[in-house]
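Worksheet for the structure shown next.
The values are calculated or read from the model by the stated rules, or taken from the named source; none is laboratory data. This structure is a prediction, so every number in the text was calculated from the model and none was measured. All Cβ positions, even for glycine, are placed from backbone atoms using ideal geometry, and neighbour counts span all protein chains on display. Protein only, heavy atoms only, side chains kept; ligands, DNA and RNA dropped before computing areas. Shrake-Rupley method; radii C 1.70, N 1.55, O 1.52, S 1.80 Å.
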Amino acid sequence: MADLQALVAAISKTLSPIQAERRAAEAYLEGQSSSPAVINGLLQIISTKSTSTYVQQATAVYLKNHIAKTYANPEWENASVTERETLKGAIVGILLSSQPLIRRQLGEALATIAENEYPRLWPNLVPQLASALTEILSNALNKQKGKDMIPVVDWQKLQGILETLVAVFDRYPERERSNELYTEINYSLKHVQEHVKALFSVFVTVIYDGIEHMQPSVIQVVFENAALLCKMFYCLSWQDFPEYFEDNMQALMTGVQQLLVFESETVDAIGGDEYSPSCQLQASVLEVINLYAAKFDEDFRPYLQKYLEDTWALLVRRGKSTRYDTVAINGMKFLTIISRGPDHKHYESEKVLSEICKSIIIPNMLLREDDIDLFEDNPTEYLRRDMEGSDLGTRRQSAMELVKGLCMYYEKPVTTILSAYVKEMLDNGNDWYKQDAALYIVTALGWRSGTATEGATETSSLINVMQFFESFVLPRLVESANEPKQLQTPIFTADLVKYAMSFRNQISPEGCMKIAGICGKLLEAKEPIVRTYAASCIERILAMKKEIEQPMVNGDSTKQAQRKVSRLGRDEVKAMLPTFLPTAILAMRDSQQGNEYLMRLVLRFCSVSKDLMAPYIPELLPVLVEILKAVTANPANPHFNHYLFESIAALIRFNANPNSIAMFEKPLMDPLCNILVADVSEFGPYVFQIFSQLMLAHDVNLPETYDSLLGPLLTPPMWERRPYIPGMTQFIDSYIRRAKDRLKNKRQLEQVLGIVQKLLATKATDHHATHLLTTLFEIYDFSVLSNYVETIFRLLMVRLHAGKTTKLVRNLICCLSTFVLRFGVETMRKGFDSVQTNVLGQLLQQVWIPEVPTIRNPFQRRLCAVALTEIACGSDLCTRPPYIEIWPYLLEANVALTEGIVLDQEEGEDEDDEKLGPLGVAEVYAAAHYELNWGVSTKPTLSPLVADKEPQNVLATKVSEFMRMYNELFDPIVRGKMGEQAKRAIMSYMKQ
């Protein structure tokens, strides 16, 4: 058993404000994490009632993170069996007896285990919870009246059960359909479906009979439980309509409807300005009926009219208070679903349309004082709702979606009705509140298709969005830009910018430049949201594309291909930089907290301007370094941080060379090294990618600083940190390319091969191993590698036998193709024969030939095609058994590659290839989260080994020479075994 006192002390110190104490505690816990006994210790701390609550909660958080890290390892099933069984045996009982805050952490931990093990390796999870539900229900159902049920139900325990079930079932929505998923859902339904029906009955009885006379705390927990039940019902129904629910539709829909319409001033008063218990429940009910209306419209149709009436009445009855926002949003979503679906005729009456516009759409388009307060006091939350499309959203967004939905079938009457409101709003020139609402109404009426990212791609023929822009939006934007620091109505200005951003595709390039100029001035505004909208508008204008036609790559001028290019030309971008970039830099410095939209704008300038940024690097780079130092101390905003590193990477990519590299290394080297010394895990993966870029910008005189960075990378513990692996792999690749002799002379090559062996051991990292091997084969002469070839080939064969995946095979073929072209076929044959005689023949026949045509990347196909020709015809290898038997199939696979034929195989990796943990959990980050688009490219590029070789010509030449030398031997094979398509193709190459 782990030392409980030491565990408690370490966990307590992880919360210490003193960094040294935190680091020491984290190091101790990391050292203990591999011990199976530590899980028993953690569970004991959490379950011991005398332990302080904050220690219990911190322990639960640590346990959750530990579990997430365990399952992030693709080989988790083969390790920690005792630990996992201990967890599964104890966690449910401890969870159900814990306080809510601790229970929530344990619920997330349990959900991670269930994601991986339920029901295959943990079949009793849901049955165990269902058994606890049965006990609670039996107590409740023995009573006839709700007021008698309330005292006999353990509501806290019930909440724990329902929270846990929701945590398990919450992954069913949005998951890709599969037989395995349906089997799991049916297994879950088998154990809880009757409980769902019974619980709806219990909640209706309790809520309608006696709930008003209970204590507020009891009322709160009853309604929270009812909302959890709705969530569970939603999750179990999402993929398909369960048969039991279909058979009991009447009882279920009646229960759900009664929960929706329940009203009580007593209950509604609980919660103050926050969401009341009844609002939380009504919002959850509306989510359920939204699902059923959207996915099971035929079965839901008998209940639709009643639900429409109730929802409409609820929307009208609920006021403008923010405590009713979720109900209003979900309710309008329900009306929108019906407007777009087969039952849209419920709205066909002009009277109905007029009433819905008057009583629902217009009130929810108007700004409230609460919206303005949020704009001023909590800009981050305002942006999250209004700009980023959070799950919560806003009333105005929902009202706009309802307008768009109604316009699908009733565009003309809806446009007529709402245009009258717009005219009235605009005629009142002094009421900017109404003018702001008019902006949203026109946006909704004018928008036909598009996305938030791309803007509107199609507009209504009944609304002239450009005329409205030119006559109303643009003059007011110009007025705002004249006094950006003294905006009278900043929220209105932000919405004007948002309108221009929405319809930027309809604005001419000259108009876009004018809007960008206005937004450049608005970057000086005091209000962070105005600056943010202005920055986002400029960034999206810079990102706009247009399609052009150009001759196809094969040079056939009669065929044209569509290609997207920047809508703004190089000269236009160059003209923007002197004014826009300094303003953006100043706005970024003035921002009290990291504004990701401003940083994204800087990134867009760096990536679009490319080498045009060179004159501004002395001004921009020090600012980015200053920001980097600040966020290193507190890396709070991952999006901001990512754009920051992307900006640095883009500057280096387009401007660094042997002559200018010192301008980048001097300011960057110390801050980047400090990140590694301080072990800022969020930034470490970025740092190695930046270092890789800096090294490649050198010619041959690589500074010795990089030698000191390489040493720690060659130790196995560093490679346990999976998010670091792509960056460290790229670092070693770049170092080898710029300092190959130093690596060889220091006898570090053996250590690199040790890293390769470690990376080959798991499916999640084997592609990094083949990456490093390919680099070694490209850079070093065979004399350097000869002593290691047998070991390398043995490791590759062992890995293939351990688990052949699509990803591994494709990367391995490309890696060995490089070996063939560098060192020759006979060298490869001897290397594999040293492992096992003629094993290369087996590899070619069972792996190489069947799989090589599935490679899709054109650069890789070119490499593999030339290598296949070399194997088939570049030596006398195929003149003797067993290779002579597979010779025609080598040529057929080669023709398939050369002709561009791709076998019908999924592009994605095998289902069990790489499974990474969720973002934000300690070290368990998805590696893709850290990949820099503007860093060193990880995409396959044209190998210099085949840059000047045309595969068809190589094949034709080599086959001709080979057949002249061995015609008597191979002519019968060509005639008897080679496919007609391959023969015709090769003959056509020879004639060219």
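Residues that are crowded, with 19+ Cβ neighbours inside 10 Å and under 40 Å from the mean Cα position of the chain (by Cα): find the helices (runs of 4 or more DSSP H) completely inside the stretch 119-178 holding 3 or more of those.
Counting at least 3 such residues, we get 125-141, 155-169.
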Exercise for the section: Go over the candidates Ser398, Ser502, Ser419 one by one and state the one that is open to solvent by 10 Å² or more (accessible area, probe 1.4 Å), polar (S, T, N, Q) and farther than 23 Å from Val316 by Cα. Expected result: Ser502
Practice task
Might you let me know whether the stretch 367-379 holds any residue that is touching a residue at least 40 places away in the same chain (Cβ under 8 Å) and closer than 30 Å to Lys295 by Cβ?
Solution key: no
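Looking for whichever is within 15 Å of Leu844 (Cβ to Cβ), open to solvent by 30 Å² or more (accessible area, probe 1.4 Å) and not hydroxyl-bearing (Ser, Thr, Tyr) here; the options are Pro888, Pro858, Pro882. Which one fits? It would help to see each step written out before you state the result.
Details: Pro888 fails: open to solvent by 30 Å² or more (accessible area, probe 1.4 Å); Pro858 fails: within 15 Å of Leu844 (Cβ to Cβ).
The conditions single out Pro882.
Which is of a type in the set (S, T, N, Q), in a helix (DSSP H, G or I) and surrounded by fewer than 16 Cβ atoms within 10 Å (Cβ to Cβ), of Thr86, Thr82?
Numbers: Thr86 fails: surrounded by fewer than 16 Cβ atoms within 10 Å (Cβ to Cβ).
Exactly one residue qualifies, and that residue is Thr82.
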Completion exercise
Filter the stretch 747-761 for residues that are open to solvent by 30 Å² or more (accessible area, probe 1.4 Å) and not in a helix (DSSP H, G or I); the one that is farthest from Val835 (Cα to Cα) is Arg747
Handout entry: Flag for Gly405 being farther than 26 Å from Phe472 by Cα and not β-branched (Val, Ile, Thr)
Key = no
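Kindly establish whether Ala283 is among the small types (Gly, Ala, Ser), surrounded by fewer than 18 Cβ atoms within 10 Å (Cβ to Cβ) and assigned to a helix (DSSP H, G or I). Steps first, please.
Working: among the small types (Gly, Ala, Ser): yes; surrounded by fewer than 18 Cβ atoms within 10 Å (Cβ to Cβ): no; assigned to a helix (DSSP H, G or I): yes.
Considered against the rule, which asks whether it is among the small types (Gly, Ala, Ser), surrounded by fewer than 18 Cβ atoms within 10 Å (Cβ to Cβ) and assigned to a helix (DSSP H, G or I), Ala283 comes out as no.
May I ask you to say which residue of Val835, Val866, Val847, Val852 is out of contact with any Asp or Glu (no Cβ under 8 Å at 6 or more places or on another chain) and surrounded by fewer than 20 Cβ atoms within 10 Å (Cβ to Cβ)? Talk me through it step by step, then tell me what you get.
Values: Val835 fails: out of contact with any Asp or Glu (no Cβ under 8 Å at 6 or more places or on another chain); Val866 fails: surrounded by fewer than 20 Cβ atoms within 10 Å (Cβ to Cβ); Val852 fails: surrounded by fewer than 20 Cβ atoms within 10 Å (Cβ to Cβ).
When all the criteria are applied, what remains is Val847.
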Fill in the blank from the handout: Per the list (1) in contact with a Leu (Cβ under 9 Å, 6 or more places away or on another chain); (2) surrounded by fewer than 20 Cβ atoms within 10 Å (Cβ to Cβ); (3) of a type in the set (Gly, Ala, Ser), residue check on Ala739 breaks on (2)
Exercise for the section: Would you point out the residue of the stretch 683-715, among those that are more than 22 Å from Tyr930 (Cα to Cα) and part of a helix (DSSP H, G or I), that is most open to solvent (accessible area, probe 1.4 Å)? Expected result: Ser708
Exercise for the section: Determine whether Val895 is open to solvent by less than 10 Å² (accessible area, probe 1.4 Å) and at pLDDT 90 or above. Expected result: no
Practice task
Please verify whether the stretch 640-648 includes one or more residues that are touching a residue at least 40 places away in the same chain (Cβ under 8 Å) and over 17 Å from Gly935 (Cβ atoms).
Solution key: yes
Practice task
Evaluate the stretch 258-268: report whether one residue or more is part of a helix (DSSP H, G or I), open to solvent by 10 Å² or more (accessible area, probe 1.4 Å), of a type in the set (A, V, I, L, M) and in contact (Cβ under 8 Å) with a residue 40 or more places away in the chain.
Solution key: yes
Exercise for the section: Look at Ala764 and say whether it is closer than 21 Å to Leu796 by Cα and either modelled with pLDDT of 90 or more or not in a helix (DSSP H, G or I) (or both). Expected result: yes
Completion exercise
Among (1) surrounded by fewer than 20 Cβ atoms within 10 Å (Cβ to Cβ); (2) closer than 19 Å to Leu110 by Cβ; (3) modelled with pLDDT of 85 or more, Tyr71 falls short only on (1)
Completion exercise
Exception for Gln282 within (1) among the polar types (S, T, N, Q); (2) at pLDDT 95 or above; (3) within 26 Å of Leu418 (Cβ to Cβ) falls at (3)
Practice task
Filter the stretch 932-966 down to residues that are over 30 Å from Pro723 (Cβ atoms) and open to solvent by less than 50 Å² (accessible area, probe 1.4 Å), then give me how many there are.
Solution key: 11
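Could you run through the stretch 422-451 and say how many residues are part of a helix (DSSP H, G or I) and either open to solvent by less than 20 Å² (accessible area, probe 1.4 Å) or touching a residue at least 24 places away in the same chain (Cβ under 8 Å) (or both)?
Initially, the stretch 422-451 is screened for residues part of a helix (DSSP H, G or I), giving 422-427, 432-446.
Filter once more, keeping what is either open to solvent by less than 20 Å² (accessible area, probe 1.4 Å) or touching a residue at least 24 places away in the same chain (Cβ under 8 Å) (or both): 422, 425-426, 432-446.
Of the residues in that region, 18 qualify.
Test Asn787 against the criterion of being open to solvent by 10 Å² or more (accessible area, probe 1.4 Å) and touching a His at 6+ places or on another chain (Cβ under 6 Å), and give yes or no. If you could, list the steps in order and put the result at the bottom.
Details: open to solvent by 10 Å² or more (accessible area, probe 1.4 Å): yes; touching a His at 6+ places or on another chain (Cβ under 6 Å): no.
When the stated conditions are applied, Asn787 does not pass them.
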Problem - Residues of the stretch 286-309 classified as within 14 Å of Gln258 (Cα to Cα) and surrounded by fewer than 17 Cβ atoms within 10 Å (Cβ to Cβ), total - result: 2
Exercise for the section: Check whether at least one residue in the stretch 324-341 is open to solvent by 50 Å² or more (accessible area, probe 1.4 Å) and free of Cβ contacts under 8 Å to residues at least 24 places away in the same chain, and report yes or no. Expected result: no
